[in-house]
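The values are calculated or read from the model by the stated rules, or taken from the named source; none is laboratory data. Not measured: the values here are computed from a predicted model. Glycine also receives a Cβ, built like all others from the backbone with ideal geometry; neighbour counts cover every protein chain displayed. In case anyone asks, the SASA skips ligands and DNA or RNA and just uses the protein heavy atoms, side chains included. Shrake-Rupley method; radii C 1.70, N 1.55, O 1.52, S 1.80 Å.
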Amino acid sequence: MRRVTVYDSMDREVRAFAPRTPPRVGLFVCGLTPYDEAHIGHARTFVFFDVVARALTRWGYRVFSVQNVTNLDDKLIDRAAESDEDPLVLADRHFLTWRIAAERLGIRSVNYYPYATDYTPEILTQIEALVHRGFAYPSAGSVYFEVAKFPGYGKLSGQRTEALRPGARVEVDPAKRSPEDFVIWKAATPGEPSWESPWGPGRPGWHVEDTAITLRLLGARYDIHGAGLDLIFPHHESEIALAEAATGESPLVNYWMHAGLLTMKGEKMSKSLGNVYALSTALDEFGPMVLRFFYLNAQYRSPLEFVRGKSLEESREAYATLALPAHRIAEIVERDGPERAGEPLPDDLASEAESLVDRLDETLAEDFNTREAIALLFGWSRRLGALLERLADYDGDALAELGAPYDWGREVLGLFERVGEGRAGAWAKLVPVAIAARARARARGDFAEADRIRDELLGAGIRLEDHAAGSRWSFARTD
RNA sequence: GCCGAGGUGGCAGAAUGGUUAAUGCGACGGACUGCAGAUCCGUUUCCUGGGGGUUCGAUUCCCUCCCUCGGCUCCA
């Protein structure tokens, strides 16, 4: 297993990664509350943790990745009430939409997406333990966690509870003993989904859902907890308190990884600010590869600025440059097969390709520096760009070696997938016919007809480019 | 107010106690082309928020100030 370093938000430093029981790695990422459609800010976090799981898997770890679904909370209930719908059904619908988008994005590393409400028994068990141990108290049909009883509260966020402004944004609940206490079991309101409990009908609070799920699936202590950094306080702080108080074991998590937020004009992209760009729209307009490239083209902890009408357009150009040799190699191999005859690869290129793959692993293993890895890949694409027209001279083995860095990118970063391929079959016979007709028109000097054919194909989503070796075609938009 | 993360070229965005501070986009010039596009070659010397300090040397480490953003019981 490769030496990997990870920035831990608890210690605020980069540390060597050492899972508790190698090669196993338990990874938990806070998932969506699916009360509405996902936007491109959400996807940044999930694409990043997909890369974390892919990379660790490549390096010999066995990753078990869990992403919870908060399928019942105040927001869902409010939103459902507007449309006179069952909040659980509403959550189900939006979650499915998210899963489809995630699939398009190539997020395939998540092993399990537990629904919070499926863990009500575990949640109740944990709440009972907390009450029994004196960390939580029932009040007015709800149960609250008493923050003062857990001295470690604040160790992740640096927040001291006495410094918080009670009621700064939410009215103080009179049922609490202290304003910093938080609800872990919420007394039922008529008409809302509820479960029976020793304290009467109710539903789980937010933080306790995650700790009940991770205790069950990943144990009292596990390796990595990831999410966007807006969840550090109060959510993750409270998770630590709940889990460690309930089990008596510490620390809950060995590595806290927090992804930077996607911003627009410097501000966080969020529903409440109204500055969102829907994920499905972005996928329709730019395709998944461009989006993945955009996210991974920055260090994950930095804020990433999204400028509408610019960022993804720029990424599209850059990604096209980056991926061109990868696609060209794949096309040749696909056409002639991996055994194709040709020249062998010169030694210098072969060793360059091989050492590049080593450097890619090394670079990414330093706190998942996807940006530096992409910079290395750009270097390779520029190298191959100079011999783009010569690629077809090489034999199958040579092409495999030249393509190795891109294979790495495909495996770990999820880039270089040729997502338009599914539609290629229908066009594969027709387009060459059109190209031949156009070549004849050009040969006889009938450029009006040549342009007409090119325009007609473009209208159908096929782009033609003329090269010395003949015309080449591609999908004008991939999806 | 408190806690946290940031401030790098026209733009996005890396890195590092030390030769010309990545990479990409854009721009400009050239090659190629019927045109376009793509590609290739070249150029883009003046970019590390302000002020102190440590050091032979700081963008990097320390102090301080300014600014922006996130969180302060909804949030990826």
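Before moving on, here are some points about what is shown:
- Placing +1 on the Cβ of every Lys and Arg and -1 on the Cβ of every Asp and Glu, with no other charges, gives chain A a dipole of roughly 340 debye about its Cα centre.
- Amide H contacts of A:V63 (H built 1.01 Å from N, under 5 Å, at least 5 apart or other chain): A:V25
- Charge tally in the Cβ shell below 10 Å around A:F306, where Lys, Arg are +1 and Asp, Glu are -1, A:F306 excluded: +3
- Residues whose amide H lies under 5 Å from that of A:Y7, counting only those 5 or more places away or on a different chain, are A:R15; hydrogens are built 1.01 Å from N in the peptide plane.
- In chain A, helical runs assigned H by DSSP with n ≥ 4 each contribute -39500 (n - 2.57); averaged across all residues and rounded to the nearest 500, the mean residue ellipticity at 222 nm is -14500 deg cm²/dmol.
- Trypsin sites (Lys or Arg not before Pro) within region A:288-336, DSSP loop, no more than 11 other Cβ atoms inside 10 Å: A:R308, A:K310
- Gain on full stretching of the segment that runs from A:D11 to A:E85 - 0.36 nm per residue minus C-alpha separation: 22.2 nm
- Surface accessible to a 1.4 Å probe, per residue, for the residues of region A:5-259, Å²: 42
- Remark: region A:337-479 carries 53 Å² of accessible area per residue (probe radius 1.4 Å; ligands, DNA and RNA excluded).
- Net charge contributed by nearby residues that have their C-beta within less than 13 Å of A:E372 (K/R +1, D/E -1): -2
- Built amide H within the under 5 Å cut-off of A:Y222, gap 5+: A:V253, A:N254
- Taken as Cα centroids, region A:262-299 and region A:327-350 sit 36 Å apart, rounded to the nearest whole angstrom.
- Linear extension gain, A:D451 paired with A:F233, 0.36 nm per residue minus alpha-carbon span: 72.5 nm
- Relative to the current alpha-carbon distance between A:H467 and A:S178, full extension at 0.36 nm per residue lengthens the span by 96.7 nm.
- Computing FRET efficiency as 1/(1 + (r/R0)^6) for A:K149 and A:E317, where r is the C-beta to C-beta distance and R0 is 60 Å, gives about 0.60.
- Rounded FRET efficiency, nearest 0.05, which uses the C-beta distance separating A:Y112 from A:S250 and R0 of 30 Å: 0.75
- Computed E for A:R308/A:R133 - FRET, C-beta separation, R0 60 angstrom, nearest 0.05: 0.75
- Percent of Cα-Cα distances greater than 44 Å, calculated over chain A: 25
- Per residue, the average separation of C-alpha pairs within less than 8 Å and at least 6 apart gives region A:289-413 a relative contact order of 38 percent.
- Carbon + sulfur, % of accessible area of chain A - ligands and nucleic acids excluded, 1.4 Å: 50
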